[in-house]
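S.K.: Take a look at this one; I'll ask things after.
The values are calculated or read from the model by the stated rules, or taken from the named source; none is laboratory data. What you see is a predicted model, and the numbers here were worked out from it, not measured in a lab. Note that each Cβ is placed from the backbone with ideal geometry, even for glycine, and that neighbours are counted across all protein chains shown.
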There are 2 protein chains.
Amino acid sequence: MQKNKLTTKRYQIGNPYPTESVIQKIPLENSIEQLNDFKIHQSKEQVSLQRKLSPETAMYGLGQNMGPINRRGRKFRMFNMQARPQTPDCFAVNGPYSFLIIKEADTYLGILIDCPSEINFDCGFNNQKLLDITIESSDLDIYLINSSHLKDVLQEYVRLTGTAYLPPKWAFGFQQSRYSYMNAEEVKTIANKFRELKIPCDAIYLDIDYMDDYKVFTVDQKPFPNFSSFVQEIQGQGFNIIPIIDPGVKIESGYSVYEDGVKNNYFCKDAEGNDYIAAVWPGLLHFPDFLREEVQNWWGDLHKFFTDLGITAFWNDMNEPEIFYSPETIKKLQQTASEMDYTAWRDLDPIHYKIKMDSYMLNSETYYPDFFHQTPEGPVAHTKLHNIYGFKMLQAASEGLLKLNPNQRYFLISRSSTIGANRLSGVWTGDNHSWWEHLKLNIQMVISLNLCGVLYCGSDIGGHCGNADEELLIRWTQLGAFVPLFRNHTEKSSRQQEPWEYNVQTTQILKDTITLRYALIDYLYSEFLKSRSSHLPFIRALFLEFNDPSLDEINDQFLCGSSLMVAPVIEANARYRNVYLPECNWLFWSASAYNQDNFQILKSGTHRLAVKLSEVPVFVKENELILLTEPEQYLGELEKKEASLVGLVTGTANFSLYYDSGSKINDNPGILNIKIRRNGASIDLEHDLIIGDTPITYQKISLKIFSLSGDCLRREITLK
Amino acid sequence: MQKNKLTTKRYQIGNPYPTESVIQKIPLENSIEQLNDFKIHQSKEQVSLQRKLSPETAMYGLGQNMGPINRRGRKFRMFNMQARPQTPDCFAVNGPYSFLIIKEADTYLGILIDCPSEINFDCGFNNQKLLDITIESSDLDIYLINSSHLKDVLQEYVRLTGTAYLPPKWAFGFQQSRYSYMNAEEVKTIANKFRELKIPCDAIYLDIDYMDDYKVFTVDQKPFPNFSSFVQEIQGQGFNIIPIIDPGVKIESGYSVYEDGVKNNYFCKDAEGNDYIAAVWPGLLHFPDFLREEVQNWWGDLHKFFTDLGITAFWNDMNEPEIFYSPETIKKLQQTASEMDYTAWRDLDPIHYKIKMDSYMLNSETYYPDFFHQTPEGPVAHTKLHNIYGFKMLQAASEGLLKLNPNQRYFLISRSSTIGANRLSGVWTGDNHSWWEHLKLNIQMVISLNLCGVLYCGSDIGGHCGNADEELLIRWTQLGAFVPLFRNHTEKSSRQQEPWEYNVQTTQILKDTITLRYALIDYLYSEFLKSRSSHLPFIRALFLEFNDPSLDEINDQFLCGSSLMVAPVIEANARYRNVYLPECNWLFWSASAYNQDNFQILKSGTHRLAVKLSEVPVFVKENELILLTEPEQYLGELEKKEASLVGLVTGTANFSLYYDSGSKINDNPGILNIKIRRNGASIDLEHDLIIGDTPITYQKISLKIFSLSGDCLRREITLK
């Protein structure tokens, strides 16, 4: 196979809006005639790119879209929307990353389209043999990244769009949420229960009901009297309080955010130049025009309301933006309703009325042509700039928080995102359901988001909508324990879903699973830091690490960093799990509790493994290691003196543990390097320590090193 | 293990409505105190039954409900409804069979509840350790069937509820449908295309647009002029025309069905005793009161309209009944719309208006309390008798058709069904989607329907709603080739889905797959006859044939009769398939074309098998055989002289082929028995023929008999 060196080319059509999705300037190609092997069609309003697909071509990327990680055979509409419910034919979701990796026999081609308008990717849906990309704009940048190596393409994508967002280390702890914990007493009860039952937890979320009448940057004093001392009390127990922030600003005279916004012309305008009115949770409201720097500055500064209270963690929701309706459409609906005539079927009949109604209500897209952003070129309809709205809100928050707390990491996750958001914020995958199908989807979404540079992400464990039964919650928590954002969340009409809400056995399994996560947290955090600094995914599809064409289709197993593979149970009542182990031997750990010592050597190939309800099958790669420590109740509770390393070593294993403050932005990590070389029945050991800004706390590291025959050698390393 | 003999007990509470679901009279137990280990709670309106579940308990049955065949951990609402879309949390679907099989360590307990009202089964959803059944009525019969053997329980269920519906043999051919083929020319084009491309096909469906203004038992003369000669022409080409029949009768003066119904008081009444008015496809209409014998007779006789034209095949749709709206609710909606006020959030706001709207429109259930059936005890609200409405419509059709064509089998499938319908009609599983998830669901639904006595069933191949890509249609057709009802169907807004609508390669694969079905059709039909006469499922879960507790959770493999296991590919882009082979050795056939000779011996255990897009993995059980013949273009086209038998024989294989006229009701089948005994490298052969009412056409049968080493012996049997 001839190896292609990495090449990156940038092509421009028209006069693209400066999205800031791409931050690395690279020179423009003179001509777009030679756009690799794409055919280009241009019209005034559209550009389309077409390319033939061979039977073997696989395609990856496109962010958190629905379906398998190999995008072949499906179509995707890159248009930021909260799909609800997330059924397999939701073509538009709220993490559209217009970055597609095309895998041919001997080469990888990444195509990144930088354009804030709608983009449609037909990856062989209408015609199995054709990739058809249609951009609803004639102003855009196209980047083509070509290499024989997939990792080259991914790293180049990160160089273009920015190094992944790094949250504080506590963000790797367990997080508890609900729409909504309705008052301070409820939050206190939840917090106390975690500590009482010794279930580790690092964060509790506040959903929309903490606000005064859904007014952003306010707190309702009635359910949350003395908010400041409430925050102090909860955070004093080792939790972080994470309030929700929505973009819409309620129209209410006397409300300072509203009045400042109006006075300074910060809001999006309607066609007549008046502040555009829509309705979301607070009723009628305006949307900040986040695309303008002065609006971003204003919005960023508003976070002082919270940072003054010691809150530095936020989730940005409804920021596609989602719209419930507008006053105009309600008037039209009332008119149509009065004309509705059930005797005149097929004209003004009730079914057609309902169809019209459904297009007006809770269908945000209807409204996007009606409001405008102010740009240097004059007002531009939201539709044309839609995909970056959430990203621009994140930019505002990010810059504001960095100004308010210099050199301190902030916590920020978002429902809406697009290319560029990967460097500013984490992502949760929106309003999923308590469906087994969505547990599996969770795996596919975090793999694909990681391919697009979003390393800190996860889905609502247990499902946002609907009711999780015990088994689903257990299996989903087992999956979540290996995903960066580890959050249990559900909505108002769902049953209570905190770890103790089922029965004693379930509580114990959930506690053991969460505790296992905390035992692995130094390993996971270290692998996250390494993935991030090497510009590679943290949650990795198997095809990223192994050269085996049959891995393209594995959608239910993933790697955490480079050593650990996870094969969560994804089916109800399953007591067996089919697992495919590529290439090498693996150390199989049917993990239920962190201190459980049931390792087993497995050869490469397909295995049908017995798994108890309490167990999640994890696998350590041959000649790689994982590190376990004493679990904490929350990050920073203990000064950890001891750790243990476990692995199957048949040749040489090089393990590096990265560690840092977990909270500072510019923090030079320390690195502990350990090298293990098998020497017959024995092993040779070396280690060295590269000192960073933060000292290591470990004094002793115990090693459990397995050989292929299953024998286990135990050794110790003493530090300091 | 102590073996329990089969015992069946019947308990009665209150004064049950005579549903005719159960046709076998068995004596009543005197007391319901000792209802096995169920706890009973009774109130005036409800009966609930509760039973503890051990961790190992599995539960099967409940008809075509959503989710895995082991019902443990889920809840189900037995209330006949078209779930649309069929998402995992659709608790009510349109095949509610209140027959649940509870598997304990050493016994099987079947519980059958005979009651036409809503019944809720919580199979460990709210509480993992509790089965909780709630019947929304205090008048019911309960049957408890107990045995150490699952097959005993299933056979007893069939004895109680009746032997499965037997369609004409052509019903095992391929069937093509669409909502709708809009006119005679379109149907002719479709028919000609099948014959021209030599893609076998036995039936073409007419969906609602063939009717004159959606009036049942009419044909629209404009698109279908000379309907009689049109039918003759199409049926002359070897197709059966299958028109749709809906229950609602359009209100239109001069329309004889409407006028007769009004005159004779055949329609359901409202609370004031007037004919109840609702709206479905034809606009305003009345619903026949199918629960009354005179209405059934009338409705049955109406089929003469079609049988006079030579049409004996029908599909009954919308027969839950589905309701779009009523005039009263539209008036209420108009009133509410005019009062809607977007300034008064949280009261008469638009979101609450939408919620109200959604509860009125296309939500049939809203209307069920508003209309009444006439019973010997006076009028009873539809809600109380809801689950049998579709069944009673089927009874009307079935009896009418038997009267119109004595001793001839009719073809009838239904969307709505319940216990009892299993002996009258087949079932298609309603309005599914073009989702891979629904391909898998298809397997689960046909397995569970078969457990409830519905042997002739299937799902819309390609998906009713949405657009199937080529790969999905291919994989779904490969599954469908082994399911009794083998129908390609899709709806109005979906892309064309006939086998030639994609590309040349796809057409070829679909043609090969359909042809394979026709090569197997004598085997499938014979196994169907045997399953039916032995009162057992035809599509069988693996746990029915093998004693391996890990089979409870296998949801994606199934047996067709006793010899053949199928493991369809259920994931996009998959070129490998994990398959679990229980207990014995298997002859693996990666089937793409019927005359392809690529057999392979596999041992029991887990295998990851390579499968091309054109291939479906099927497996012949050790010491069982399958029979293949020359494929026809439609059933009865050829007089088949030759057949071949294939199998892996290590000991003794006994094979019986059943054959009959394929069209008569009372038809004594002929049986060809073949016995093969392995004798070292050779085999011993015996055969005998039991003559039935119809002569066998085969003159020569070729045998391909494999040994464990993969050697193949060829032999021939000459008949006559």
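Yes/no matrix, rows are residues, columns are (1) assigned to a loop (DSSP other than H, G, I, E, B); (2) polar (S, T, N, Q); (3) within 19 Å of A:G378 (Cα to Cα); (4) more than 14 Å from every other protein chain (Cβ to nearest Cβ):
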| position | (1), (2), (3), (4) |
| --- | --- |
| A:Y258 | no, no, no, yes |
| A:N265 | yes, yes, yes, yes |
| A:L291 | yes, no, yes, yes |
| A:F305 | no, no, no, yes |
| A:Q334 | no, yes, no, no |
| A:D341 | yes, no, no, no |
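S.K.: Check off (1) crowded, with 21+ Cβ neighbours inside 10 Å; (2) within 14 Å of chain B (Cβ to nearest Cβ); (3) assigned to a loop (DSSP other than H, G, I, E, B); (4) modelled with pLDDT of 95 or more for A:N555 and give me the number that stays unchecked.
M.R.: It is condition (4) that A:N555 fails.
S.K.: Out of all the residues in region A:21-57, which are closer than 26 Å to A:S417 by Cβ, touching a helix residue (DSSP H, G or I) at 6+ places or on another chain (Cβ under 9 Å) and surrounded by fewer than 17 Cβ atoms within 10 Å (Cβ to Cβ)?
M.R.: If the condition is that a residue be closer than 26 Å to A:S417 by Cβ, touching a helix residue (DSSP H, G or I) at 6+ places or on another chain (Cβ under 9 Å) and surrounded by fewer than 17 Cβ atoms within 10 Å (Cβ to Cβ), then A:I23, A:Q24, A:I26 are the ones that fit.
S.K.: Moving on to the next point. So, of the residues in region B:343-371 that are of a type in the set (S, T, Y) and part of a helix (DSSP H, G or I), which turns out to be surrounded by the fewest Cβ atoms within 10 Å (Cβ to Cβ)?
M.R.: The qualifying residue surrounded by the fewest Cβ atoms within 10 Å (Cβ to Cβ) is B:S359.
Rundown of residues vs (1) of a type outside the set (D, E); (2) crowded, with 17+ Cβ neighbours inside 10 Å; (3) farther than 28 Å from B:Y576 by Cα, yes/no style:
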{"residue": "B:L613", "(1), (2), (3)": "yes, yes, no"}
{"residue": "B:L628", "(1), (2), (3)": "yes, yes, no"}
{"residue": "B:P631", "(1), (2), (3)": "yes, yes, yes"}
{"residue": "B:Y634", "(1), (2), (3)": "yes, yes, yes"}
{"residue": "B:E639", "(1), (2), (3)": "no, no, yes"}
{"residue": "B:G647", "(1), (2), (3)": "yes, yes, no"}
{"residue": "B:F655", "(1), (2), (3)": "yes, yes, yes"}
{"residue": "B:L689", "(1), (2), (3)": "yes, no, yes"}
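S.K.: OK, next. I need a count of the residues in region B:497-539 that are more than 14 Å from every other protein chain (Cβ to nearest Cβ), of a type in the set (S, T, Y) and in a loop (DSSP other than H, G, I, E, B).
M.R.: Residues flagged as more than 14 Å from every other protein chain (Cβ to nearest Cβ), of a type in the set (S, T, Y) and in a loop (DSSP other than H, G, I, E, B) within region B:497-539 amount to 1.
S.K.: Let me ask something else about it. Test A:S398 against the stated conditions and say whether it is closer than 26 Å to A:T161 by Cβ, buried (at least 23 other Cβ atoms within 10 Å of the Cβ) and under 17 Å from the mean Cα position of the chain (by Cα).
M.R.: No, not satisfied.
S.K.: Tell me, please, whether a residue that is buried (at least 22 other Cβ atoms within 10 Å of the Cβ) and touching a Pro at 6+ places or on another chain (Cβ under 9 Å) can be found in region A:493-500.
M.R.: no
S.K.: Go through (1) within 14 Å of chain B (Cβ to nearest Cβ); (2) within 30 Å of A:Q175 (Cβ to Cβ) for A:P243 and report which single condition fails.
M.R.: The number of the failed condition is (1).
S.K.: Can you pull out every residue in region A:1-20 that is under 19 Å from A:T134 (Cβ atoms) and of a type outside the set (A, V, I, L, M)? Spell out how you get there, then give the answer.
M.R.: Taking region A:1-20 as the starting set, the residues that turn out to be under 19 Å from A:T134 (Cβ atoms) are A:11-14, A:16-17, A:19.
Once the filter is applied, which keeps residues that are under 19 Å from A:T134 (Cβ atoms) and of a type outside the set (A, V, I, L, M), region A:1-20 yields A:Y11, A:Q12, A:G14, A:P16, A:Y17, A:T19.
S.K.: For region A:12-95, which fully contained strands (runs of 3 or more DSSP E) count at least 3 residues that are more than 14 Å from chain B (Cβ to nearest Cβ)?
M.R.: Ranges flagged: A:39-42, A:47-52.
S.K.: What helices (runs of 4 or more DSSP H) lie completely within region B:372-458 and have 1 or more residues being under 23 Å from B:A313 (Cα atoms)?
M.R.: Those helices (runs of 4 or more DSSP H) span B:389-404, B:436-451.
S.K.: Right, next: Are there any strands (runs of 3 or more DSSP E) wholly within region A:97-200 with 2 or more residues that are under 30 Å from B:A572 (Cβ atoms), and if so which?
M.R.: Details: elements: A:99-103, A:108-114, A:119-123, A:130-135, A:140-147, A:174-176.
Once the strands (runs of 3 or more DSSP E) in region A:97-200 are filtered for at least 2 residues that are under 30 Å from B:A572 (Cβ atoms), what remains is A:99-103, A:108-114, A:119-123, A:130-135, A:140-147.
S.K.: Same structure again: Pick out the one residue from A:L291, A:L302, A:L284 that is touching a Ser or Thr at 6+ places or on another chain (Cβ under 8 Å) and more than 27 Å from B:M340 (Cα to Cα).
M.R.: So the residue among A:L291, A:L302, A:L284 that is touching a Ser or Thr at 6+ places or on another chain (Cβ under 8 Å) and more than 27 Å from B:M340 (Cα to Cα) is A:L291.
S.K.: I'm checking my understanding of the structure. Among residues of region B:59-77 that are small (G, A, S) and closer than 18 Å to B:G453 by Cβ, which one is surrounded by the most Cβ atoms within 10 Å (Cβ to Cβ)? Steps first, please.
M.R.: Keep residues of region B:59-77 that are small (G, A, S), which gives B:61, B:63, B:67, B:73.
When the remaining residues are screened for being closer than 18 Å to B:G453 by Cβ, the result is B:61, B:63.
Values: B:G61: 25, B:G63: 28.
My answer is B:G63.
S.K.: Now for a separate question. Applying the selection to region B:150-171, what residues are touching a strand residue (DSSP E or B) at 6+ places or on another chain (Cβ under 7 Å) and either of a type in the set (F, W, Y) or surrounded by fewer than 20 Cβ atoms within 10 Å (Cβ to Cβ) (or both)? Before you say what the answer is, go through the steps one by one.
M.R.: Here is the first cut: in region B:150-171, the ones touching a strand residue (DSSP E or B) at 6+ places or on another chain (Cβ under 7 Å) are B:150, B:153, B:156-157, B:160, B:165, B:167-168, B:170-171.
Passing the criteria: B:Y157, B:Y165, B:W170.
S.K.: On to the next question. Would you please name the residue that is nearest to the other protein chains (Cβ to nearest Cβ), looking only at residues in region A:118-145 that are within 21 Å of A:C452 (Cα to Cα), touching a residue at least 60 places away in the same chain (Cβ under 8 Å) and touching an Asp or Glu at 6+ places or on another chain (Cβ under 6 Å)?
M.R.: Looking at residues that are within 21 Å of A:C452 (Cα to Cα), touching a residue at least 60 places away in the same chain (Cβ under 8 Å) and touching an Asp or Glu at 6+ places or on another chain (Cβ under 6 Å), I get A:D132.
S.K.: Within region A:13-27, which residues are closer than 23 Å to A:L150 by Cβ and either free of Cβ contacts under 8 Å to residues at least 60 places away in the same chain or out of contact with any Pro (no Cβ under 9 Å at 6 or more places or on another chain) (or both)?
M.R.: Answer for region A:13-27, where residues must be closer than 23 Å to A:L150 by Cβ and either free of Cβ contacts under 8 Å to residues at least 60 places away in the same chain or out of contact with any Pro (no Cβ under 9 Å at 6 or more places or on another chain) (or both): A:V22, A:I23, A:Q24, A:I26.
S.K.: Another question, then. Could you look through region A:267-278, keep only residues that are touching an Asp or Glu at 6+ places or on another chain (Cβ under 8 Å) and in a strand (DSSP E or B), and pick out the one that is farthest from the other protein chains (Cβ to nearest Cβ)?
M.R.: A:K269
S.K.: Continuing with this model, one more query. Which numbered condition trips up A:S364, out of (1) more than 14 Å from chain B (Cβ to nearest Cβ); (2) under 28 Å from A:A313 (Cβ atoms)?
M.R.: (1)
S.K.: Looking at region A:276-300, which of its residues are of a type outside the set (A, V, I, L, M, F, W, C) and over 24 Å from A:I208 (Cα atoms)?
M.R.: Of everything in region A:276-300, those that are of a type outside the set (A, V, I, L, M, F, W, C) and over 24 Å from A:I208 (Cα atoms) turn out to be A:R292, A:E293, A:E294.
S.K.: Please state which of the following conditions A:V216 fails to meet, knowing it meets all the rest: (1) within 30 Å of A:A279 (Cβ to Cβ); (2) in contact with a Phe, Trp or Tyr (Cβ under 9 Å, 6 or more places away or on another chain).
M.R.: Single failed check for A:V216: (2).
S.K.: So which pairs qualify, if the first residue must be in region A:417-437 and on the phi > 0 side of the Ramachandran plot, the second must be in a loop (DSSP other than H, G, I, E, B) and β-branched (V, I, T), the Cβ gap must be under 8 Å, and the two must be at least 6 apart or on different chains?
M.R.: What qualifies is A:G420/A:T19; A:G420/A:V22; A:G420/A:I23; A:G430/A:V93.
S.K.: Taking the conditions exactly as written (within 14 Å of chain B (Cβ to nearest Cβ), out of contact with any strand residue (DSSP E or B) (no Cβ under 7 Å at 6 or more places or on another chain) and basic (K, R)), does A:K492 satisfy them or not? Before the answer, list the steps.
M.R.: Numbers: within 14 Å of chain B (Cβ to nearest Cβ): yes; out of contact with any strand residue (DSSP E or B) (no Cβ under 7 Å at 6 or more places or on another chain): yes; basic (K, R): yes.
Judged against the criteria, A:K492 is a match.
S.K.: Looking only at residues in region A:465-478 that are touching a strand residue (DSSP E or B) at 6+ places or on another chain (Cβ under 7 Å) and outside any helix (DSSP H, G or I), which one is nearest to the other protein chains (Cβ to nearest Cβ)?
M.R.: A:G466
S.K.: Could you please tell me which pairs satisfy a Cβ distance under 8 Å, a separation of 6+ or placement on different chains, a first residue in region A:28-46 that is of a type in the set (K, R), and a second residue that is in a loop (DSSP other than H, G, I, E, B)?
M.R.: Short answer, once both residue conditions are applied: A:K44/A:S138.
S.K.: Would you confirm, using the coordinates I've provided, whether A:K392 is within 14 Å of chain B (Cβ to nearest Cβ) and out of contact with any Ser or Thr (no Cβ under 8 Å at 6 or more places or on another chain)?
M.R.: It is false that A:K392 is within 14 Å of chain B (Cβ to nearest Cβ) and out of contact with any Ser or Thr (no Cβ under 8 Å at 6 or more places or on another chain).
S.K.: Search region B:96-117 for residues being in contact with a strand residue (DSSP E or B) (Cβ under 6 Å, 6 or more places away or on another chain) and of a type in the set (V, I, T), and hand back the single one that is farthest from the other protein chains (Cβ to nearest Cβ).
M.R.: Result: B:I113.
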